[in-house]
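Reading through the structure tokens given below for one structure.
The values are calculated or read from the model by the stated rules, or taken from the named source; none is laboratory data. Remember, it's a predicted structure, so these values are computed and weren't measured experimentally. Cβ placement follows ideal geometry from the backbone for every residue including glycine, while neighbour counts extend to all protein chains displayed. In case anyone asks, the SASA skips ligands and DNA or RNA and just uses the protein heavy atoms, side chains included. Shrake-Rupley method; radii C 1.70, N 1.55, O 1.52, S 1.80 Å.
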Amino acid sequence: MIDKHESITAKICSFVRAYHSIYSHEKIFDDSLAYDLLSQHEYLKVGQLIEHNFDVEKYDENYVFNRALIDDTVNKFLSPIPLSRIRYTEDSLNAYAKEGPVQYVLLGAGLDTFAFRNTNLNIEIYELDHPDTGYYKKEKIKSLEWVVPKNVHFVPIDFNTQSIEEVLSNSSFDPNKRTFFSILGVTYYLSLEVFSKTIETLSSITQNESVIVFDYPDDTTFTSDENSDVTLLHQMTELLGEKMVHGYKFREIEKCFKNYKGRVLEHLTPEDINQKYFQNRHDGMQAYANVHLVKGIIEK
């Protein structure tokens, strides 16, 4: 279902959060720990990848990327989606947690740092990711001498061979508690059938209500102008071996939730995202014309 094992785009998203935190004077989302967790070596490596137009064959361990040559690409092309979706997700989670204790399940957690920025002990955190990715992350945490909070749980899963229900049932996850799921940067690679199956799976895991937040590309993804940012994003992910396979219509999203006794709580169109996060900026950053944010709920 979801496999971010050794995902280059996941590292690019972490780079973007670090870069934005370090250099932006108009922060959409301030991930002060992203650089440390990514590490200087990986940060410089990704920066060089961007400068070389994502050609992995041009990597030179002795070369340091030129910030002036990537700034426009990072701000206008790479940053809008990762920054807006993580800001939206964490704002939604923190608002939901004000209503009482909640379990936060990150599907394909990657190098997410919420577990170490969070101060609300009413949020029990479950990071699900490929075993190798989890090991890689835990080794970095160990090298940084970070203390893993007691409310944080790393749950290894091979999404290709194991079910979410299976691995969570073998952890301390409680199906009777309210749960908040995040599925970020994943729907781009899922067919509608697989996405619908994902919603079905999440709805079956809990006996209490669950909220699901995700971003998705709409059906204009493969029909945009040749030189549009949308098309360039599609081409970039294909170049990196992570080809997008589907764009959704919003009514298809609504139907997925209705099929499992759920509903959409909030739908942010590109225009809504632009209004909410990208107004009056001086770096040229704006929302992607084809990417939406959705918060849905499965009620029991």
*Evaluate E = 1/(1 + (r/R0)^6) for T220 and S143, where r is the Cβ-Cβ distance and R0 equals 45 Å; express this FRET efficiency to the nearest 0.05.*
0.55
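Tell me whether region 60-148 comes out rounded, prolate or oblate; compute the Cα gyration tensor, take square roots of the eigenvalues as a ≥ b ≥ c, and use a/c under 1.5 as the rounded threshold. Present the calculation step by step, with values, prior to reporting the outcome.
Details: a/c = 2.51, a/b = 1.43, b/c = 1.76.
Oblate, since a/c reaches 1.5 and b/c is not below a/b.
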*Sorting F222, F54 by accessible area (1.4 Å probe), largest first, what list results?*
F222, F54
_Subset of K137/K177; K98/K249; K27/K258; K76/K177; K140/K295; K249/K300 violating a 29 Å alpha-carbon distance limit_ = K98/K249; K27/K258; K76/K177; K140/K295
_Kirkwood Rh, angstrom, region 1-122 [1 / mean 1/r, Cα pairs]_ = 15.6 Å
_Modelled FRET efficiency - R0 30 Å, D272 with S32, Cβ distances, 0.05 increments_ = 0.65
*Between F250 and N170, what is the label-to-label distance in nm when each label sits 7 Å out along the Cα-to-Cβ direction?*
4.1 nm
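Provide the per residue accessible area, probe 1.4 Å, for region 2-141, rounded to a whole number of square angstrom. Walk me through the numbers on the way to the answer.
Values: 5960 Å² over 140 residues.
Roughly 43 Å² per residue, with all protein chains present.
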_Mean separation of Cα contacts under 8 Å (6+ apart) over length of the chain, as relative contact order %_ = 19 percent
*Protein accessible area in the chain, 1.4 Å probe - carbon and sulfur %*: 46 percent
*Which residue fluctuates the most in the chain, going by a Gaussian network model with Cα springs under 10 Å, if the choices are E200, E127, E266?*
E266
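Contour minus end-to-end for T201 and L44, with contour as 0.36 nm per residue of separation and end-to-end as the Cα-Cα distance?
Numbers: separation 157, 0.36 × 157 = 56.52 nm, distance 3.83 nm.
Gain in length upon complete extension: 52.7 nm.
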*Report the calculated FRET efficiency for L121 and S191 (r = Cβ-Cβ distance, R0 = 35 Å), to the nearest 0.05.*
0.35
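Based on alpha-carbon positions alone, could you give the equivalent ellipsoid semi-axes of the chain from the gyration tensor, as √(5λ), descending, whole Å? If you can, show how the numbers build up before the last one.
Numbers: eigenvalues 165, 110, 68 Å².
Rounded to whole Å, the semi-axes are 29, 23, 18.
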*Just reorder K137, K258, K27 by solvent-accessible area, largest first, 1.4 Å probe, all chains present.*
K258, K27, K137
*Let me know the Rg and Dmax you get for region 1-71 when you use only its Cα atoms, in Å.*
12.5, 38
*Once you sort the root eigenvalues of the Cα gyration tensor of region 241-300 as a ≥ b ≥ c, which label holds: rounded (a/c under 1.5), prolate (a/b larger than b/c) or oblate (the other case)?*
oblate
*Who wins for biggest fluctuation among E26, E252, E145 in a Gaussian network model of the chain, springs between alpha carbons below 10 Å?*
E145
